[in-house]
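The values are calculated or read from the model by the stated rules, or taken from the named source; none is laboratory data. From a predicted model like this one, the values you see are computed outputs, not experimental measurements. Here the Cβ positions follow ideal geometry from the backbone for every residue, glycine too, while neighbour counts run over all protein chains shown.
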């Protein structure tokens with residue numbers, strides 16, 4: 001009976017998998033339930049540092065755990081540091097080997113071992129020179145650590161009151177090295193350090209607490225602060241210390257962080273985010289966290305992708321197209337300040353492009369101005385006004401017998417198109433001033449360069465393609481324009497091959513995904529489920545989109561924008577989160593000495609959690625802003 005039941009289960013499972021494949025419903029999402037009741041940082045918000053310091057004043061000796069308390073690593077697990085050590089030593093599979101070597105050293109020497117003991121094993125087993133290996137690991141350990149902003153403030157107050165402070169750690173790094181780490185992390189006045197490998201006993205066993213009491217006197221009043229419930233709390237209390245638990249930032253953030261990322265980039269991303277969001281010092285807004293957690297890695301990686309592409313091909317100018325280029329350009333300039341002269345913010349929009357290039361992209365003109373608005377409760381007056389052809393409406397109504405307040409429907413849309421086609425020369429003539437003004441603007445913007453990159457969010461890539469056509473054929477500019485987009489139209493768009501020919505000939509390049517790269521995301525990204533808007537919300541500017549570029553009456557141009565969207569300050573908070581992440585990522589790379597690449601697939605990792613139907617509620621608090629971006 002059991003055997004039959006198992007076979008039946010396996011058969012049903014295979015049928016279900018085939019059904020999923022046929023239906024194309026494979027999910028890129030992990031089973032992460034995002035926090036929806038407010039800001040994620042609220043989960044770890046602690047009392048103010050001043051309040052904690054006030055409580056600690058009652059104690060004679062205050063001891064702190066070191067790692068994940070006084071200092072936070074830029075990776076999500078202590079052993080992730082070994083990735084960087086392996087990179088420095090150019091040794092494959094080093095993380096696993098290093099973990100096994102420590103286990104072997106503990107078998108040989110007992111529970112408490114030193115860095116030297118571990119490298120005795122590594123030298124014997126791997127052939128890496130001990131001194132060289134120890135130096136590499138020590139350098140990586142030190143560079144990965146930075147001061148916890150919460151306890152930096154607490155320690156500053158304790159220092160002012162000349163309190164006795166000690167660092168107590170279960171670690172294979174000796175006390176001298178621990179003090180070096182603390183000093184580099186912003187704790188220069190910590191003089192007393194008790195480390196398990198120096199004393200041959202640990203917090204876990206309780207003996208290290210006795211060493212502290214023996215040093216300062218058993219009659220003193222003690223308190224210990226750390227992140228491990230057993231070794232930092234229970235054992236501290238068992239040895240006559242008061243204990244205060246500090247939640248481990250990576251344990252707090254783990255339920256919400258993506259795991260389906262490449263090993264090193266994923267470890268760094270999770271480590272940075274958890275340390276910033278869960279250190280307990282700050283309560284961030286939902287908007288700030290949206291930018292920092294979900295947009296920071298994407299923008300950092302996209303800017304590096306742009307930089308590498310432009311550099312490898314000798315492109316002279318980078319045009320960040322409005323409005324999505326706003327925060328991208330700011331991040332790019334922070335990452336590559338030496339390239340500020342080649343970076344330009346370029347006013348451009350689908351609306352402006354359609355009018356300027358209507359003579360060639362006639363089909364797209366009618367699709368977007370007419371057919372996309374059919375049965376959407378737009379009046380004929382609104383339709384003609386959006387095309388800036390209101391002066392033709394009266395004649396159209398006379399010819400068609402319709403009224404300006406008549407709604408555009410599937411029944412009358414062909415009448416509108418045929419009328420405009422009949423008077424097409426008149427339509428084009430109405431846009432002539434905009435074509436000329438835009439030419440003056442872009443000649444000034446490009447400064448006579450021979451090559452430029454037009455950077456946009458995506459999705460069909462029409463913005464860059466239309467700009468390239470206008471530059472060559474309308475403005476007679478000798479400038480080759482390549483479009484760099486974050487992502488293409490997806491399979492679910494029903495026209496996922498629109499930009500494929502431009503990707504093949506190199507006129508467009510995509511960072512996140514396309515038909516040829518990261519096809520799992522290309523298949524899963526669904527505009528109907530607002531996925532496009534999730535990305536656009538990260539980049540959209542707090543001001544209105546471009547209505548058009550017009551003659552200024554003095555032989556120049558003026559850029560006319562739509563009204564600024566509501567919620568401008570909320571959008572700025574999203575951008576602040578993105579830029580803060582970028583700054584911290586750059587700081588991490590500077591400290592470690594490594595440039596950690598962000599592939600398009602890794603950049604999608606955080607956002608894919610938002611795609612999951614189970615996290616639909618997460619975006620409800622930001623829905624108003626998505627509507628604003630969409631309308632803009």
message: I'm trying to understand the selection: among the residues of the range 396-422, which are more than 24 Å from residue 363 (Cβ to Cβ) and either part of a helix (DSSP H, G or I) or in contact with a strand residue (DSSP E or B) (Cβ under 8 Å, 6 or more places away or on another chain) (or both)?
response: 397, 398, 404, 405, 406
statement: Residues in the range 106-119 that are in a helix (DSSP H, G or I) and more than 36 Å from the chain's Cα centre (by Cα) total 8
- prompt: In the set 448, 433, which member is touching a residue at least 60 places away in the same chain (Cβ under 8 Å) and surrounded by fewer than 16 Cβ atoms within 10 Å (Cβ to Cβ)?
  reply: 433
query: Could you list, in sequence order, the residues of the range 498-525 that are within 29 Å of residue 623 (Cα to Cα), without any contact (Cβ under 8 Å) to a residue 60 or more places away in the chain and surrounded by fewer than 19 Cβ atoms within 10 Å (Cβ to Cβ)?
result: 498, 519
- request: Select from the range 240-265 the residues that are farther than 24 Å from residue 49 by Cβ and in contact with a helix residue (DSSP H, G or I) (Cβ under 8 Å, 6 or more places away or on another chain) and list them in ascending order.
  value: 240, 254, 256, 257, 258, 259, 260, 261, 262, 263, 264, 265
Checking residue 487 against (1) in contact with a strand residue (DSSP E or B) (Cβ under 7 Å, 6 or more places away or on another chain); (2) surrounded by fewer than 17 Cβ atoms within 10 Å (Cβ to Cβ), the condition it does not meet: (2)
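When you go through 280, 175, 207, 200 one by one, which is the residue that is touching a helix residue (DSSP H, G or I) at 6+ places or on another chain (Cβ under 9 Å), free of Cβ contacts under 8 Å to residues at least 12 places away in the same chain and either buried (at least 22 other Cβ atoms within 10 Å of the Cβ) or more than 30 Å from residue 575 (Cα to Cα) (or both)?
Details: 280 fails: free of Cβ contacts under 8 Å to residues at least 12 places away in the same chain; 175 fails: free of Cβ contacts under 8 Å to residues at least 12 places away in the same chain; 200 fails: free of Cβ contacts under 8 Å to residues at least 12 places away in the same chain.
Sole residue among the options that is touching a helix residue (DSSP H, G or I) at 6+ places or on another chain (Cβ under 9 Å), free of Cβ contacts under 8 Å to residues at least 12 places away in the same chain and either buried (at least 22 other Cβ atoms within 10 Å of the Cβ) or more than 30 Å from residue 575 (Cα to Cα) (or both): 207.
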task: Could you tell me whether the range 290-305 includes any residue that is modelled with pLDDT of 95 or more, over 15 Å from residue 583 (Cα atoms) and surrounded by fewer than 19 Cβ atoms within 10 Å (Cβ to Cβ)?
output: no
- prompt: Quick one: is residue 268 buried (at least 23 other Cβ atoms within 10 Å of the Cβ), over 30 Å from residue 561 (Cα atoms), touching a helix residue (DSSP H, G or I) at 6+ places or on another chain (Cβ under 7 Å) and modelled with pLDDT of 95 or more?
  reply: yes
query: Among the numbered criteria (1) within 30 Å of residue 449 (Cβ to Cβ); (2) modelled with pLDDT under 95, which single criterion is violated by residue 260?
result: (1)
Residues located in the range 210-235, provided they are in contact with a helix residue (DSSP H, G or I) (Cβ under 8 Å, 6 or more places away or on another chain), touching a residue at least 60 places away in the same chain (Cβ under 8 Å) and buried (at least 22 other Cβ atoms within 10 Å of the Cβ): 222, 224, 225, 226
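Can you pull out the residues in the range 120-150 that are farther than 16 Å from residue 80 by Cα and outside any helix (DSSP H, G or I)?
First pass over the range 120-150, keeping only residues farther than 16 Å from residue 80 by Cα: 120-135, 147-150.
Scanning the range 120-150 gives 127, 128, 129, 147, 148.
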task: Give the residues of the range 35-64 that are part of a loop (DSSP other than H, G, I, E, B), surrounded by 13 or more Cβ atoms within 10 Å (Cβ to Cβ) and modelled with pLDDT of 95 or more, sorted by residue number.
output: 39, 44, 45, 46, 48, 59, 60
